[in-house]
Amino acid sequence: MLSVEGLRSRYGRIEALHGIDLEVRSGEIVCVVGANGAGKTTLLRCLSGVQPASAGTIVFRGDDITRMPGHRRVGLGLAQSPEGRQIFTNLTVEDNLRLGAYLHADERVAKDMGEAFSMFPILKEKRAQMAGGLSGGQQQMLAIARALMSRPSCLLLDEPSMGLAPILVAQVLDAVKSLKALGVTVLLVEQNAFAALSIADRGYVMETGRIAMSGAAADLIADPKVREAYLGV
């Protein structure tokens with residue numbers, strides 16, 4: 001579904017990604033783990049079109065999208081739930097969701113919203129409330145639901161567990177697992193390596209803008225180097 005070859009990106013004269021090769025197959029949950037500053041968020045920003053690539057190629061469902069504007073990538077089925085949630089705090093929960101569906105002003109929007117409320121019942125309960133009044137965990141659920149309103153075939157999730165209590169982390173990651181059952185492919189970026197690898201099919205380990213290791217998630221969890229560096233065991 002998604003193929004990345006030789007991807008490089010820079011901020012001014014500083015190169016943040018040094019030739020990333022990565023692939024995501026249809027129906028998978030693939031995670032990218034690594035320390036803060038490894039380049040994980042820059043990678044997702046390049047994939048969604050927010051951050052320009054300086055070299056390499058990004059192919060999504062057979063289309064070269066390397067130079068394609070971000071809004072066109074959403075139209076092809078590639079959506080991102082960004083780091084820090086970035087919801088519209090001065091709008092209601094329902095209005096946030098409707099903005100996620102801006103490409104699809106049709107009769108299916110109500111059905112999409114119903115599915116979002118089924119996945120995150122608390123959002124239905126608070127649909128008329130201002131999004132800024134939600135808890136951190138509820139805001140993260142809203143960010144994911146808003147991305148799903150664009151009907152993506154592939155969802156990019158950036159640090160969904162950031163700043164959440166452990167019980168909320170479990171709830172959010174359970175929701176990520178349920179996306180696979182709905183046919184949504186997921187590329188998940190996480191500092192919480194154990195949590196991410198525990199729900200993923202495959203994983204990549206990033207270090208200073210490069211892919212240091214990759215493999216089946218179960219193999220990475222069992223790898224002594226990964227356990228020592230990222231799992232704290």
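The values are calculated or read from the model by the stated rules, or taken from the named source; none is laboratory data. For clarity, every value in this text was computed on a predicted model and none was experimentally measured. Here Cβ is always computed from backbone atoms with ideal geometry, including for glycine, and neighbour counts include all displayed protein chains.
Filtered by the rule that a residue be closer than 20 Å to Arg73 by Cα and either touching a Pro at 6+ places or on another chain (Cβ under 6 Å) or surrounded by fewer than 16 Cβ atoms within 10 Å (Cβ to Cβ) (or both), region 96-136 gives Leu99, Tyr102, Leu103, His104, Ala105, Asp106.
In region 63-82, the residues that are without any contact (Cβ under 8 Å) to a residue 24 or more places away in the chain form Cβ pairs under 7 Å with partners that are among the small types (Gly, Ala, Ser) and surrounded by 15 or more Cβ atoms within 10 Å (Cβ to Cβ), at six or more places apart or across chains, as follows: Thr66/Ala53; Met68/Gly49; Pro69/Gly49; Gly70/Ser48; Gly70/Gly49. Could you go through region 167-183 and let me know if any residue there is buried (at least 22 other Cβ atoms within 10 Å of the Cβ), in a helix (DSSP H, G or I) and in contact (Cβ under 8 Å) with a residue 60 or more places away in the chain. Checking region 167-183: at least one residue is buried (at least 22 other Cβ atoms within 10 Å of the Cβ), in a helix (DSSP H, G or I) and in contact (Cβ under 8 Å) with a residue 60 or more places away in the chain.
Restricting attention to region 1-37, the residues that are crowded, with 16+ Cβ neighbours inside 10 Å and outside any strand (DSSP E or B) total 2. Among the listed residues Glu23, Glu107, which satisfies the condition of being out of contact with any Cys (no Cβ under 9 Å at 6 or more places or on another chain), farther than 24 Å from Gly132 by Cβ, assigned by TED's automatic domain parsing to the domain that holds Leu123 and not polar (S, T, N, Q)? Of the residues listed, the single one that is out of contact with any Cys (no Cβ under 9 Å at 6 or more places or on another chain), farther than 24 Å from Gly132 by Cβ, assigned by TED's automatic domain parsing to the domain that holds Leu123 and not polar (S, T, N, Q) is Glu107.
Please find, within region 66-84, the residue that is modelled with the lowest pLDDT out of those that are under 12 Å from the mean Cα position of the chain (by Cα) and surrounded by 15 or more Cβ atoms within 10 Å (Cβ to Cβ). Per the stated criteria, the residue is Glu83. Within region 160-178, is there a residue that is within 21 Å of Cys46 (Cβ to Cβ), modelled with pLDDT of 95 or more and of a type outside the set (Lys, Arg)? Scanning region 160-178, I find no residue that is within 21 Å of Cys46 (Cβ to Cβ), modelled with pLDDT of 95 or more and of a type outside the set (Lys, Arg), so the answer is no.
Restricting attention to region 142-150, does a residue exist that is part of a helix (DSSP H, G or I), surrounded by fewer than 20 Cβ atoms within 10 Å (Cβ to Cβ) and out of contact with any strand residue (DSSP E or B) (no Cβ under 6 Å at 6 or more places or on another chain)? No, because not a single residue in region 142-150 is part of a helix (DSSP H, G or I), surrounded by fewer than 20 Cβ atoms within 10 Å (Cβ to Cβ) and out of contact with any strand residue (DSSP E or B) (no Cβ under 6 Å at 6 or more places or on another chain).
Please work out which residue is surrounded by the fewest Cβ atoms within 10 Å (Cβ to Cβ), limiting yourself to region 189-233 and to residues that are under 21 Å from Thr41 (Cα atoms) and among the β-branched types (Val, Ile, Thr). Full working, then the answer.
Just the residues of region 189-233 that are under 21 Å from Thr41 (Cα atoms), to begin with: 189-215, 217, 220, 226, 229-231.
Filter again for among the β-branched types (Val, Ile, Thr), leaving 189, 199, 205, 208, 211, 226.
Working: Val189: 25, Ile199: 17, Val205: 24, Thr208: 13, Ile211: 21, Val226: 22.
The qualifying residue surrounded by the fewest Cβ atoms within 10 Å (Cβ to Cβ) is Thr208.
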